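Working notes, structure below.
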Amino acid sequence: MKRGLKYLFFLSCAFLTNRAAARSQDIAARGQYIFALAGGCACHSAPKGAQHAGGRAFPIPFGTVYSTNITQDKETGLGNWTDQQISDAITKGIRRDGSRILPVMPYEKYSGMAQEDLKALIAYLRTIQAVKKTTPELKTWAPLARSLGTPIFLKIFGRFSTPPNEAPRNSIERGRYLVEHVSVCGDCHTPRNSIGVPQQFLYLAGAGEKIGPLGQAVPNITPDRETGIGDWEQEDVVELLHTGTKPDLDNVQGLMYEVVQGTSGGYKDMKKEDALAIAAYLKSLPGIKNKVK
């Protein structure tokens, strides 16, 4: 009898362990999809470098900042970070040591990511193979830019959001959620002023070469008929997100090409209903006339 009970006990433990492992895999798989919706976090992969190992240079008004290593390496990546520390970095811009991340990382926008999506994303980050690569130090002529300048900048210009527990399901509202808090389209498609503040009156209206990310011009994606996507059908937006092909059969280039293709996932892996939700949201916005040069 005792032997039988012991056998049942071990059988139950094995069942619960397997069930927990399967659930963990399911969450990580959902996290990989969120990662794809975020363009495969392409900014954390330097051209011709190891995926997700950081080191990509981004010019800023007072120097150059480099993207960080988000692999599971324990010395140079996130391997020794807790889930809460990773969450704080993504949504609050706070490092494991308590220091501030420069707002080049769009944590203000990610602050509105649904709790269920953030949890799944972190579970996926835990599966990324470790790559040992140290992030280069910030290059700047303003030595207090991070410790003093960032808190002041956020105090004046910061726009954090309160995240919902679950992501919206309704079409246009889901499209807004994806555009603003997951795919963060405004981070590139909204121009910034000379000190890096987004010009909200030109929300998604594009940026010229001198002010676009990485010195690349970024198109106007508001529904303005002359300078934006006013003549596009929703299916045209879906096609661009999935293949990088515009209605005139030209292809996107630069960073947009990278986020479409992704790393371990990108916009090309987006479910059609999510691509349509983004299209519906973009088409619902007021058109802004802004010819990008």
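The values are calculated or read from the model by the stated rules, or taken from the named source; none is laboratory data. Computed from a prediction, not measured in an experiment: that's the story for all the values here. Backbone-built Cβ (ideal geometry, glycine too); neighbour counts: all protein chains shown. Accessible surface areas use protein heavy atoms only, side chains included; no ligands, DNA or RNA. Shrake-Rupley method; radii C 1.70, N 1.55, O 1.52, S 1.80 Å.
Exactly one residue out of E166, E173 is open to solvent by 60 Å² or more (accessible area, probe 1.4 Å), closer than 21 Å to Y281 by Cβ and not in a helix (DSSP H, G or I), and it is E166.
Against the test of being surrounded by fewer than 17 Cβ atoms within 10 Å (Cβ to Cβ) and either more than 17 Å from the chain's Cα centre (by Cα) or not in a loop (DSSP other than H, G, I, E, B) (or both), the options G196, G228 yield a single qualifying residue, G196. Listed by first and then second residue, the pairs linking a residue in region 257-282 that is modelled with pLDDT under 95 to a residue that is open to solvent by 30 Å² or more (accessible area, probe 1.4 Å) and in a helix (DSSP H, G or I), with Cβ atoms under 6 Å apart and 6 or more places separating them unless they lie on different chains, are G265/Q32. Against the criterion of being in contact with a strand residue (DSSP E or B) (Cβ under 6 Å, 6 or more places away or on another chain), surrounded by 15 or more Cβ atoms within 10 Å (Cβ to Cβ), modelled with pLDDT of 95 or more and within 14 Å of K109 (Cβ to Cβ), H189 qualifies. Only one of (1) modelled with pLDDT of 95 or more; (2) closer than 27 Å to P59 by Cα; (3) surrounded by fewer than 14 Cβ atoms within 10 Å (Cβ to Cβ) is not met by E235, so which one is it? Here E235 clears every test but (2). Scanning region 75-105 for residues that are open to solvent by less than 50 Å² (accessible area, probe 1.4 Å), modelled with pLDDT of 95 or more and either in a loop (DSSP other than H, G, I, E, B) or touching a helix residue (DSSP H, G or I) at 6+ places or on another chain (Cβ under 8 Å) (or both) returns T76, G77, L78, G79, W81, I86, S87, A89, I90, T91, G93. Among residues of region 58-85 that are under 17 Å from L121 (Cβ atoms), those with a beta-carbon under 7 Å from a residue that is basic (K, R) at least six positions away or on a different chain give the pairs S67/R56; N69/K133; Q72/R126; W81/R96; Q85/R96. Taking region 118-160 as the range and being aliphatic (A, V, I, L, M) and under 29 Å from K74 (Cβ atoms) as the test, the residues that pass are L118, A120, L121, I122, A123, L125, I128, A130, V131, L138, A145.
Among the residues of region 238-252, those identified as open to solvent by less than 40 Å² (accessible area, probe 1.4 Å) and assigned to a loop (DSSP other than H, G, I, E, B) are G244, V252.
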